[in-house]
Amino acid sequence: MLLKKYVILAHREAGQLKRMIDRHQDGRSHFFIHLDIKTDIAPFKELIQRDNVTFIASRVDCIWGDFSIVEATINLFRAAVDYGYPDSKIILLSSQDYPIKPASHINKYLDENADFDFIDFCEFPASNYKQRVLQYKVNFSSNRGDFVFVRPVFASHIKNFSTFLKLVKHKRIPAGDLHYFLRVRRKKVFKEHFKGSAWCCLNHST
């Protein structure tokens with residue numbers, strides 16, 4: 001039987017998270033939880049005290065739609081892989097999720113599809129391409145939507161340059177990151193870009 005390693009991004013509602021974990025309890029699951037560093041961890045640890053629940057120590061400040069969510073996800077996957085058990089599935093969830101099928105149904109489906117990974121992707125829409133790939137995102141705070149996109153300085157108009165200077169003046173851009181902005185264009189890492197849902201189910205080997 002496959003071990004299921006649930007990796008969970010959480011930031012609120014300890015009671016709801018406990019309900020979800022209770023629902024998944026089946027003797028073949030382990031839960032790794034990343035709690036947003038802005039959230040007090042004490043109520044969660046007091047409420048969810050189980051041998052098969054691990055609150056990972058490498059917590060980050062999670063901002064909606066930001067690379068920080070990717071960092072938190074990577075930290076969760078590292079913890080799950082380091083835990084061992086190569087014959088296992090790693091399943092990424094949000095603490096706001098809740099199963100609509102019993103654990104027995106989930107186990108049966110995963111056992112029958114043990115060799116498969118489940119991940120969603122599609123072509124990157126042109127409407128988001130310029131911002132997400134060719135510009136830089138600078139956060140003003142952890143609040144949702146409190147950010148600005150900035151082009152590389154030497155390939156932009158005066159308004160963009162003025163925005164860049166204001167960001168530097170108010171120390172919104174770390175000194176160690178300034179060199180990224182001082183160029184003609186942002187380097188593209190891939191020839192083609194794709195997007196998809198973060199939520200996935202992967203084999204340990206993957």
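For the range 155-203, compute Rg over Rh where Rg is the Cα radius of gyration and Rh is the Kirkwood radius from the inverse mean 1/r over Cα pairs. All intermediate terms of the calculation are to be shown ahead of the outcome.
Working: Rg = 16.3 Å, Rh = 14.0 Å.
My calculation of the ratio gives 1.17.
Principal-axis analysis of the Cα atoms of the chain puts helix 103-112 at an angle of about 80° to the longest axis.
Using θ = phi - 60° in the Karplus curve 6.51 cos²θ - 1.76 cosθ + 1.60, the 3J(HN,Hα) couplings for the range 30-45 round to 10, 10, 10, 10, 9, 9, 2, 5, 6, 9, 5, 7, 4, x, 5, 5 Hz; x is entered for Gly and Pro.
The local environment of SER88, defined by Cβ-Cβ distances under 15 Å, has a net charge of -1 under the rule Lys, Arg +1 and Asp, Glu -1. Largest to smallest in accessible area, the residues TYR85, TYR6, TYR180, TYR129 fall in the order TYR85, TYR180, TYR129, TYR6 (1.4 Å probe, all protein chains included).
Taking Cβ atoms as reference points and 15 Å as the exclusive limit, the residues near CYS122 contribute a net charge of -1, counting Lys and Arg as +1 and Asp and Glu as -1. Rolling a 1.4 Å probe across the protein heavy atoms gives the chain an accessible surface of 63 Å² per residue.
Helical runs assigned H by DSSP (4 residues or longer) give the chain a calculated mean residue ellipticity at 222 nm of -8500 deg cm²/dmol, each run adding -39500 (n - 2.57) before division by the residue total.
Once the Cα atoms are used to define both axes, helix 14-24 deviates from the longest principal axis of the chain by about 50 degrees.
Counting Lys +1, Arg +1, Asp -1, Glu -1, what net charge surrounds ALA10 among other residues with beta carbon under 11 Å of its beta carbon? Let's see the in-between values first.
Values: positive: ARG12, LYS18, ARG59; negative: GLU13, ASP36, ASP97.
Surrounding charge for ALA10 is 0.
Of all DSSP-defined beta bridges confined to the chain, some 35% are antiparallel rather than parallel.
Tell me, what % of the accessible area of the chain is carbon and sulfur with a 1.4 angstrom probe? Present the calculation step by step, with values, prior to reporting the outcome.
Numbers: 7110 of 12910 Å².
Whole-percent figure for carbon plus sulfur exposure: 55.
Springs join every pair of Cα atoms under 10 Å in this Gaussian network model of the chain, and among ILE48, ILE91, ILE173 the largest mean-square fluctuation is at ILE173. The slack between ALA57 and ALA175, meaning 0.36 nm per residue of separation minus the straight C-alpha distance, is 39.7 nm.
Under a model in which nothing but the beta-carbon of Lys, Arg (+1) and Asp, Glu (-1) is charged, the range 43-95 shows a dipole of about 100 debye around its Cα centre. Size of the range 81-145: Rg and Dmax of its alpha carbons, in Å, are 18.4, 47. A value for semi-axes √(5λ) of the Cα gyration tensor in Å was derived from the coordinates, and within the list [x] 44, 16, 14; [y] 38, 21, 14; [z] 63, 16, 13 it appears as [y]. Given +1 at the Cβ of Lys and Arg, -1 at the Cβ of Asp and Glu and no other charges, the dipole of the range 145-206 around its Cα centre is 320 debye to the nearest 20.
Projecting the Cα atoms of GLN135, VAL168, GLN16 onto the dipole axis of the chain, where Lys and Arg carry +1 and Asp and Glu carry -1 at the beta carbon, places VAL168 farthest toward the positive end. Most tightly packed first, judged by the mean number of other beta-carbon atoms within 10 Å of their residues, the peptides 51-58, 110-117 read 51-58, 110-117.
The values are calculated or read from the model by the stated rules, or taken from the named source; none is laboratory data. Just so it is clear, the model here is predicted, and its values are computed rather than measured. So basically every Cβ, Gly included, is an ideal-geometry build from the backbone, and we count neighbours across all protein chains shown. Remember, those area values only see protein heavy atoms, side chains included, never the ligands or the DNA or RNA. Shrake-Rupley method; radii C 1.70, N 1.55, O 1.52, S 1.80 Å.
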